[in-house]
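The values are calculated or read from the model by the stated rules, or taken from the named source; none is laboratory data. Computed from a predicted model, the values in this text were never measured in an experiment. Heads up, the Cβs are rebuilt from the backbone with ideal geometry, glycines too, and the neighbour counts pull from every protein chain shown. Accessible surface is based on the protein model in full, side chains and every heavy atom, while ligands, DNA and RNA are left aside. Shrake-Rupley method; radii C 1.70, N 1.55, O 1.52, S 1.80 Å.
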Amino acid sequence: MKKSWLAVRSAFLWIFSGLHFFIVAPLLVFLGIFLDPHKHDWLQRTFCRRIVFLSGASVEVRRSPGFDTGRTSFFVSNHVNLFDPFMLYCAIPQFVRGWELESHFKIPAYGWLMKRFGNVPVPDIRNPSDLKRMWRLTKDAVDGGTSLIIFAEAKRTRDGRIDQFQDGGFRVAQQLGVPIVPVSLVGSFQHHRTGHWMLWPAKITVYLHDTIDTKGLSKDDVPALRDRVHEIIAAPVEEHLRRAES
């Protein structure tokens, strides 16, 4: 009986959240034509909070003492499901956008919104000219005071654990001297699993860890930086999974 109720609940949540998204997203795209995104950021955050609410999840944010709220940064996070960007937009107390696969911009409503928001396109095929464009757009965003979300795994987890990180975001951070904030999304796997349609009631905790300075690092320091960030992000995720499995 409980499983049947959860299935019915999931179906209703998908219907209502889908209606909400496909009605509100085009309105935000339209507003973005005429308004500076900085001036209606509160509308975008309200939109993201409603998406989280309509997915049946609650969000708690925990900031480490060494997290610098004032520094434009790369927020490097684990990636679990399609709700992750909206969770992070709710949790990060800065004007923030993200790296987004360029092919995602072709998705109706979602792609239009991400493009109008000003997300930086990441080429699906990494040829030199496209990578230079991504680097330039990233630099322009950071120079303009926009922090960026980066999913360093470049894919969603299938078992709740964190996969290896790719070097790209860390190389760009080192080259531009942009600080990195490791971010752990804990509980997302219990809320919604990629490849499944169920939405389970869950509390998702977003850990904003200490800001890591990258100035003065060389390209030879990138692997150690990547591994350090991976270890920080993975620690609370693994602890949560151990408790869930025990």
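Taking the listed residues ILE92, ILE149, the one that is open to solvent by less than 50 Å² (accessible area, probe 1.4 Å), touching a helix residue (DSSP H, G or I) at 6+ places or on another chain (Cβ under 6 Å), closer than 28 Å to VAL61 by Cβ and β-branched (Val, Ile, Thr) is ILE149, with no other qualifying. In this structure, GLY32 does satisfy being open to solvent by less than 30 Å² (accessible area, probe 1.4 Å), touching a residue at least 40 places away in the same chain (Cβ under 8 Å), in a helix (DSSP H, G or I) and among the small types (Gly, Ala, Ser). In the stretch 1-22, the residue that is surrounded by the most Cβ atoms within 10 Å (Cβ to Cβ) out of those that are farther than 13 Å from LEU54 by Cα and of a type outside the set (A, V, I, L, M) is PHE22. Within the stretch 100-157, the set of residues being more than 28 Å from ILE23 (Cβ to Cβ), among the hydroxyl-bearing types (Ser, Thr, Tyr) and within 15 Å of the chain's Cα centre (by Cα) comprises SER147, THR157. Against the numbered list (1) within 19 Å of GLU153 (Cβ to Cβ); (2) assigned to a loop (DSSP other than H, G, I, E, B); (3) open to solvent by 10 Å² or more (accessible area, probe 1.4 Å); (4) out of contact with any strand residue (DSSP E or B) (no Cβ under 7 Å at 6 or more places or on another chain), SER103 comes up short only at (2).
Cβ-Cβ distances below 8 Å connect the following pairs, each with a first residue in the stretch 1-25 that is on the phi < 0 side of the Ramachandran plot, a second residue that is among the polar types (S, T, N, Q) and not in a helix (DSSP H, G or I), and a separation of six or more residues or different chains: LEU13/SER55; SER17/SER55. Only residues that are touching a strand residue (DSSP E or B) at 6+ places or on another chain (Cβ under 8 Å) and not in a loop (DSSP other than H, G, I, E, B) were counted in the stretch 79-95, giving 7. When ARG71 is tested against (1) open to solvent by 10 Å² or more (accessible area, probe 1.4 Å); (2) over 17 Å from ALA141 (Cβ atoms), exactly one condition is not met: (2).
Selection of first residues in the stretch 130-151 that are modelled with pLDDT under 95 and of second residues that are open to solvent by 70 Å² or more (accessible area, probe 1.4 Å) and assigned to a helix (DSSP H, G or I), restricted to Cβ pairs under 8 Å at least 6 apart or on distinct chains, gives the following pairs, ordered by first then second residue: TRP135/GLN175. Filtered by the rule that a residue be open to solvent by 60 Å² or more (accessible area, probe 1.4 Å) and in contact (Cβ under 8 Å) with a residue 40 or more places away in the chain, the stretch 109-129 gives TRP112, ARG116.
Which one of GLY66, GLY98 is outside any helix (DSSP H, G or I) and either closer than 19 Å to ASP143 by Cβ or without any contact (Cβ under 8 Å) to a residue 12 or more places away in the chain (or both)? Within the list GLY66, GLY98, the selection yields GLY98. Residues of the stretch 205-246 that are in contact with a helix residue (DSSP H, G or I) (Cβ under 9 Å, 6 or more places away or on another chain) and more than 27 Å from ARG71 (Cβ to Cβ): HIS240, LEU241, ALA244. The single condition from (1) modelled with pLDDT under 95; (2) more than 25 Å from GLY70 (Cα to Cα); (3) out of contact with any strand residue (DSSP E or B) (no Cβ under 6 Å at 6 or more places or on another chain) that ALA202 fails is (3). Evaluate the following for GLY177: is it of a type in the set (Gly, Ala, Ser), at pLDDT 95 or above and open to solvent by 10 Å² or more (accessible area, probe 1.4 Å)? For GLY177, the condition - of a type in the set (Gly, Ala, Ser), at pLDDT 95 or above and open to solvent by 10 Å² or more (accessible area, probe 1.4 Å) - is met.
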